[in-house]
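To start, the structure itself, in structure tokens.
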């Protein structure tokens, strides 16, 4: 089993990238999702994607595999290797996880049947300056410890802006291979390299060249609502407008699947931008069970949010999940 770690800060587009990776590869791929919060959202996105077909999804929520859940994480990877045994295991750490710690944990369990591939980090070009300033240690750790860097959210940027960002990334990680175009336009040879190159098993490095320091990072809070719903789409869109303007706290990331009157909306918020799309009713099963809204940031106004987003009075699911998806190849 070959392991590919796909890192990136909150909202960089990791789940979308994984969908594209699975679509392009004919081998059997399992995906290990580590959600930042008590409930998962992205696992359902992958399972319900017609483009990716049926994929084994494993989820671990309410804990970070880079620190508090290290033991459970490594035990889970070994379980996947010895039970599912896919050709590839794609690991998506939480967006506020230290990539160096994830690599270090995986290095401890490497043996002849488990090979760690060169890790990749996605960089949201529009948010690069902000996150480098506000979350310096973990943001630089994700970039510095990657072998491949892929830039996202820069499709409308000029060539000069893209080249400037590439120059900044090279200062942080001179040895990384940077994809010069959007990854969907990358040549097939680039995609093939992602699933073939073995990682350097030496200790991850910090800026000074020593092992990454284990200092405390001021992480954002998370607030999750299961079985969430709103009365209609229109007030929810107004809510999102207010959300990105800071009326409900400093929200870095929000996402979810939420019934809104007669329709179901999938929403995504990252660094002052949001998107909403109508979900195909045929792709949403047991909407009450799948409906969830997750908010990540600082100073989250929880009570004000509850006045718009309600919760059905249904017995709650467990807050921590680590399950193999029923969908099998």
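Every number here is computed from the coordinates shown, using simple stated rules; none is lab data. The model shown is predicted, which means the values in this text are computed figures rather than measured ones. Using ideal geometry, Cβ is built from the backbone for each residue, glycine included, and neighbour counts are taken over all protein chains shown.
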(request) List the relative contact order of region 221-311 as a percent without decimals, with contacts defined as Cα pairs under 8 Å and 6+ residues apart. (result) 43 percent
(request) Could you tell me the distance between the Cα centroids of region 98-125 and region 132-160, to the nearest Å? (result) 18 Å
(message) With the crude spin-label approximation of a point 7 Å out along Cα→Cβ, what separation in nm comes out for residue 158 versus residue 110?
(response) 4.3 nm
(message) Taking the Cα of residue 191, stepping 7 Å toward and past its beta carbon, and measuring to each backbone N in region 15-35: which are under 20 Å?
(response) 15-32
(message) Which of 279, 59 has the fewest other C-beta atoms within 10 Å, and how do the rest follow up to the most?
(response) 279, 59
(message) Let me make sure I get this right: for region 221-311, a, b and c are the square roots of the gyration tensor eigenvalues over alpha carbons, sorted descending. Under 1.5 in a/c it's rounded, otherwise prolate if a/b > b/c, else oblate. Which is it?
(response) prolate
(message) Order 88-97, 238-247, 112-121 from most to least packed using the mean count of other Cβ atoms within 10 Å.
(response) 88-97, 112-121, 238-247
